[in-house]
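Values quoted throughout were computed directly from the atomic coordinates according to the rules given, and no laboratory measurement underlies them. Please read all numbers here as calculations on a predicted model, not as lab measurements. Please note: Cβ atoms are built from the backbone with ideal geometry, for glycine as well, and neighbour counts cover all protein chains shown.
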Amino acid sequence: MALPLFEIVALPWSPPDPEAFDALILTSANAVRTAGAVLSRFAGLPVYAVGAATARAAVDAGMTVAVTGSDDGNALVATAAQAGVVRALHLGGRETRVVAAGIVAASIPVYASDPVPVGRPALAAIVGATALVHSPRAAERLGALIDHYAIDRGMVALAALSPSVADAAGPGWSRLAVAARPSDAALIDAAVAASD
């Protein structure tokens, strides 16, 4: 069962001069999907992508991926700095936590993740099931919705993509499992473990 909590919406943005940067940091595939045709102006920059899905989206858009990170934006920035990057452009979401400064010369939001209405019947359908959550923001929103509708957290198991996602979800779930690494496959493995 899919229960969307947010809708991805493209934001208007003015691309800076690609010549001012020596790398592109992408922390979400949504940045690639929503940046529009103007993203092709940055095809000459090596891409540092968080996660395989982001890297695939970048390659599909004609970009060259230098590194695919498996952790978070800050770890990826550190990797880029070690590789000699000194002026990176970060394209991300309006709600994205800005990656550490240093080599990131500009961080531009190209999409928003807007909450969508979720009614009690849809939310009640996860009682007795395991909810898979990908981000701290989604974990916080799921917990807030469950509390709003007075659904007992003890009736829902949770599988989180990372420890920070688990922390954001808060306590009280019937079971809580954290993916061994931040990937959909590992999240599904954690969900199966939480269901046993």
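Quick notes on this structure:
- For the chain, relative contact order (Cα pairs under 8 Å, six or more residues apart, normalised by length) works out to 19 percent.
- Cβ-to-Cβ counts within 10 Å put Val77, Val178 in ascending order as Val178, Val77, the fewest first.
- For the range 6-114, share of DSSP beta bridges that run antiparallel, in % to the nearest 5: 20
- Principal-axis analysis of the Cα atoms of the chain puts helix 136-148 at an angle of about 30° to the longest axis.
- Cut-off under 5 Å, modelled amide H: who pairs with Val104 long-range: Ala88
- Sorted fewest first by neighbouring Cβ atoms within 10 angstrom, Ser40, Ser162 come out as Ser40, Ser162.
- Fraction of beta bridges assigned by DSSP in the chain that are antiparallel (%, nearest 5): 15
- Computed E for Arg87/Arg175 - FRET, C-beta separation, R0 45 angstrom, nearest 0.05: 0.50
- Acute angle (nearest 10 degrees) that the helix 184-195 long axis makes with the longest principal axis of the chain, alpha-carbon atoms: 10
- Overall form of the range 1-122: prolate. Here a/c, set by the Cα gyration tensor axes a ≥ b ≥ c, is 1.5 or more, and a/b is the larger of a/b and b/c.
- Prolate/oblate/rounded call for the range 110-196, Cα gyration tensor, a/c under 1.5 rounded: oblate
- Rough spin-label spacing in nm, given labels placed 7 Å along Cα→Cβ, for Asp60 and Val9: 2.3
- Order of Trp173, Trp13 under a 10 Å beta carbon neighbour criterion, fewest first: Trp13, Trp173
- Extension gain, Ala43-Ser70: 0.36 nm per intervening residue step, less the Cα-Cα distance, totals 7.5 nm.
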